[in-house]
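Nothing in this text is a laboratory measurement; each read-out follows from the coordinates by a stated rule. None of these values were measured; they are calculated from a predicted model. Note that each Cβ is placed from the backbone with ideal geometry, even for glycine, and that neighbours are counted across all protein chains shown.
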Amino acid sequence: MPDSTRRDALQSWDNALDSLGQAVKLYGGSTVALFTHFDGETRSTPHNDLPSEDALQHIDTRLARIEQLEVELHNMRIAVQGLRNTSTKLSPVTRLPPEILAYIITIGADEDRLVMAAKEALMDDEDDSLDEDDTGPPDPPHFPTLISHVCRRWRQIVLDTPMLWTRIDFREGPPFDKAKEWLNRSQDCHLEVVFDVVEDATQFSDIEPVLVALNILQPHSARISRLLIRMNTPDEMAIIIGRLTSQDQILPLKALALMVDEADGDLLATESLQGKAGILKAILEGLEELQIERVSIPWDQVSFRGLKILKLLSLGQAESPTPQQLHAILSASPNLEAFEMYDSDLEGSFERTELSPIVFPKLHSLKLSTLDRTTTQFAFHIITAPNLSILHVGEIDISSRSGRSSSKTEGRKWLSAFFDRIEPTSLRTLRIAEDDLNESDFIAILSASRGLEEVHLGENLDVNHRLLEWLQGKAEDGTSACPNLKTLKLESCNNVTSESVKSLVEARQAAGRPLQTLSVKYCNLEEEGVKEWLQARVPDVTLEEDSDGEGSSMGEGTDMDDLDMEMTDGDGPDLEMTDDEW
């Protein structure tokens, strides 16, 4: 729910409470005034000082007055009761029809889900930096459940809105009463189902709880549109898929995530899926989102028709598609919006002349990290994303032929060509942790991306004071360097100095383009008072050094959000190409 909508809702609730409070105050004040008036009249003349007939007449007058006061108080109570019952209706929120309010709450739940997905992605980035005993923050309250506690009317609306109860994750364990209740509340809506052995290790430590959950879910399998399965082995995963398709039913899936801890052969070759190859292929063909991690599928036998999100994670060459197979998949997905490859090496090699580049006009997010030479060159040669908004790059191999002094220089040429194919003002967030790039490479990349708002640089000695001087806006051609830059994060860049960081902050502030967020970690900025100096000029400052004073990239407290990848070496097959081809 947008902030403006939340503010309007809170303001409406405040107004309703004020109206009710005023009504109660009016009722109380009027009552006090009436009794004060009555008491004043009855005590104004002592009865003992009047003749007997006058005293009786005075008493009769007072009795009539009491009867009149009773009528007035009774009428006032009816009026105030009606005001109390209708005062909250003065709020615009309470005047909304139930179906409109249900729609607004559904939108809020969808946005809350997007926020949670972003946080989960952030936690995935940080997993490698967490100790085994570390635990993440507790899960926030389920949004519909939280909303249902506002008032009785909202609770009934939430309970009567099936779309709010469609995420089934079996987290509470057998007998899965919560999952059963949510399945009933979701009625005929499409479902998002999660079997996660990592999140639910105590529930899914063996296969029996999985079978219990499947028995509950199976009658509703035709409604599953999003399915996440993360198990220990492909065999366990195959059991789930086999049971959900036991009636030879093609699940109407739009999003599928398959992840195992132990890669072990082709998923379709498992015993539980014997004879179901055609069904699984039909399911895959209808997907819009696919995430594969350590799972092998027959890439040459699957045709994707409308992928929007594709993530290939931790695939060895035994699980990965070949460059030709991946090119065919991407060619059939012109509406791709997000593409990620992490720690995955394409099987085999390719000649640049045999695979033509593909234009993805809707691709806004590209993440490439821990890739060998073949995979790196494939990605930067094939992908043309003119409207790219987010780019994460780390631990890639840009060399074109190992052992040659000119190989990295040649690799930088096609990397530069990739940035030339991006609309200069489209890229908003850039994260690069790559030690093969030099100062000139960074300047060329940043010069080609004038719309940048966030820049994250790490693991490179060529991120130095000269680069920061260029970021001040001192380009030789007089153009402004990254005029929209608001966030700068540097990590393990040991040639960055305190003086260069301070000069950058001062120069951008003087030019009317101040930084809003600055993070400098493990860069050996040991000058006393530099943190206080920066905090006085930048609203959000993080300055952190290793406990041993050295700029180790993976020291205690490393924030993987700033690097987005774990630094490891990758080996890939050499490409038999001439220097001129690159």
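Assorted remarks:
- With a Förster radius of 41 Å applied to the C-beta separation of K362 and A318, the computed FRET efficiency comes to 0.85.
- The stretch between H74 and D54, if pulled fully straight at 0.36 nm per residue, gains 4.2 nm over its current Cα-Cα span.
- Inter-label distance, nm, simple model (7 Å from Cα along the C-beta direction), K413/Q247: 6.1 nm
- Rough spin-label spacing in nm, given labels placed 7 Å along Cα→Cβ, for I107 and R152: 2.9 nm
- Subtracting the Cα-Cα distance of D435 and A64 from 0.36 nm times their residue separation leaves 123.8 nm of extension gain.
- Hydrodynamic radius by Kirkwood, which averages 1/r over all alpha carbon pairs of the stretch 242-361, in angstrom: 15.0 Å
- Residue order, fewest to most beta carbons within 10 Å, for D441, D60: D60, D441
- Sorting S272, S500 by the number of Cβ atoms found within 10 Å of their own Cβ, with the fewest placed first, yields S272, S500.
- Protection proxy ranking, peptides 537-543, 213-219, 432-438, average beta carbon neighbours within 10 Å, highest first: 432-438, 213-219, 537-543
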